[in-house]
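To start, the structure under review is shown below, and the notes come after it.
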Amino acid sequence: AEAAAFGDSAAVNESQDSKAEKALDCPCISELRNGECGVQFSDAFLCFLKSTAEEKGSDCVRPFVALQNCIKVNPGAFSKDVVKEEGEEVKKEEEPVKYRIIPPLWARDKTPSSPKPKL
């Protein structure tokens, strides 16, 4: 929203394309544009801003899928504080718990001798 409003006070009759390009220049998204998935982010962002579909952005599936695929291939493309949801804390990776399995007493072999007949 901040990027979409960036430089909006300059010209009221400005074209949708130039408004979208100005929004892309907002410093608030510079980290997203300059990362490993910057091209895909810019394509998806511009498509969304220029979208004329009744449900805004619904005509931008391909650029968003391309962005999602890029993020899957490059999980470190965006810093954790950019990717986290608002109000959600970044969770530290917890060390996995190491369990030791102890078999029950009845399952333990007491003597290595051959089994006794049950007759």
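The values are calculated or read from the model by the stated rules, or taken from the named source; none is laboratory data. As the structure is a computational prediction, the values presented were derived from the model and not from experiment. Here the Cβ positions follow ideal geometry from the backbone for every residue, glycine too, while neighbour counts run over all protein chains shown. Protein only, heavy atoms only, side chains kept; ligands, DNA and RNA dropped before computing areas. Shrake-Rupley method; radii C 1.70, N 1.55, O 1.52, S 1.80 Å.
Taking a 1.4 Å probe, which of GLU54, GLU21 shows the most accessible area, and what order do the others take after it?
Details: GLU54 190, GLU21 90 Å².
Greatest to least solvent exposure: GLU54, GLU21.
Using θ = phi - 60° and the Karplus curve 6.51 cos²θ - 1.76 cosθ + 1.60, what whole-Hz ³J(HN,Hα) does each residue of region 34-44 get, with Gly and Pro shown as x?
Karplus-based 3J(HN,Hα) across region 34-44 equals 8, x, 4, 10, x, 5, 5, 4, 4, 4, 5 Hz.
Quick check for you: with a 1.4 Å probe and neighbouring chains kept, what is the accessible area per residue of region 28-80, in Å²? Before the final figure, lay out the partial values.
Details: 3350 Å² over 53 residues.
In whole numbers, region 28-80 has 63 Å² accessible per residue.
How much length, in nm to one decimal, is gained on full extension between ALA66 and ALA107, taken as 0.36 nm per residue of separation minus their Cα-Cα distance? Provide the component values of the computation, followed by the final result.
Numbers: separation 41, 0.36 × 41 = 14.76 nm, distance 5.42 nm.
Net length gain for the segment: 9.3 nm.
Enumerate the calculated ³J(HN,Hα) couplings along region 51-65 in order (Karplus 6.51 cos²θ - 1.76 cosθ + 1.60, θ = phi - 60°), each rounded to whole Hz, writing x wherever the residue is Gly or Pro.
Residue by residue, region 51-65 yields 4, 10, 5, 4, 9, 3, x, 5, 8, 10, 4, 4, x, 6, 5 Hz.
Just to verify a number: what accessible area does ARG108 come out at with the full protein assembly present, 1.4 Å probe, Å² rounded to tens?
110
At a probe radius of 1.4 Å, what is the per-residue accessible area of LEU32, in Å² to the nearest 10?
Here the accessible area works out near 30 Å².
Sketch the reach of a paramagnetic label on ASN74 as a point 7 Å from Cα along Cα-to-Cβ, and name the residues of region 31-57 whose backbone nitrogen lies under 13 Å away.
31-43
A 20 angstrom limit on the alpha carbon distance is what I want to check against. Which of LYS50/LYS72; LYS72/LYS98; LYS22/LYS50 exceed it?
Long pairs (Cα-Cα over 20 Å): LYS50/LYS72; LYS72/LYS98.
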